[in-house]
Amino acid sequence: MPVPALGETLLITLQGELHDSMAEQLQQDITRRIAHSPVTGVVIDISGVDIVDSFLGRVLAEIASSARLMAARTVLAGMRPAVAITLVELGLTLPGLDTVLDVERALDRLGHGLSTDPPHPRRAHHADLL
């Protein structure tokens with residue numbers, strides 16, 4: 001799976017169903033790109049994903065953990081309400097992953113934003129409130 005970069009940020013867009021072997025390959029590809037290029041952020045856009053099962057949830061959390069160990073932040077963008085509900089029902093947390101509504105907000109979160117607008121006050125991330 002190609003892992004395109006936008007400056008120092010990797011931008012991964014997931015579509016449809018991601019099979020286990022593809023998810024593992026994605027994790028390896030992202031880690032390799034972080035190690036061999038000046039990457040400081042990873043945005044994973046899951047707006048095109050209808051289902052996140054426990055395996056994919058674990059892979060996303062592992063991508064974030066690996067990236068963090070290599071000094072890159074990971075932001076998950078575009079989670080659909082049904083996906084969020086499923087993750088809660090499965091008891092899955094996504095440690096190390098910031099979540100935002102869309103890619104533009106993800107880039108803003110990483111400091112590579114295209115927008116100069118301040119974040120919407122209702123959309124404050126829980127870490128921003130601490």
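Read-outs throughout are calculated quantities, based only on the coordinates presented, and are distinct from any laboratory measurement. Please read all numbers here as calculations on a predicted model, not as lab measurements. Neighbour counts are summed over all protein chains in view; Cβ atoms, including those assigned to glycine, are modelled from backbone coordinates with ideal geometry.
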Once amide H atoms are built 1.01 Å from N in the peptide plane, which residues 5 or more positions from residue 98, or in another chain, come under 5 Å H to H? 74, 76
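In nm, what is the difference between 0.36 nm times the number of residues separating residue 82 and residue 47 and their Cα-Cα distance?
Details: separation 35, 0.36 × 35 = 12.60 nm, distance 1.11 nm.
Between residue 82 and residue 47, full extension yields an extra 11.5 nm.
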With contacts defined as alpha carbon pairs under 8 Å and 6 or more residues apart, what's the relative contact order of region 33-100 in percent? 42 percent
Region 1-52: relative contact order as a whole-number percent, Cα under 8 Å and 6+ apart: 53 percent
Consider a paramagnetic label point 7 Å from the Cα of residue 102 along Cα→Cβ; state which residues of region 9-34 have an amide N under 19 Å from it. 11-15
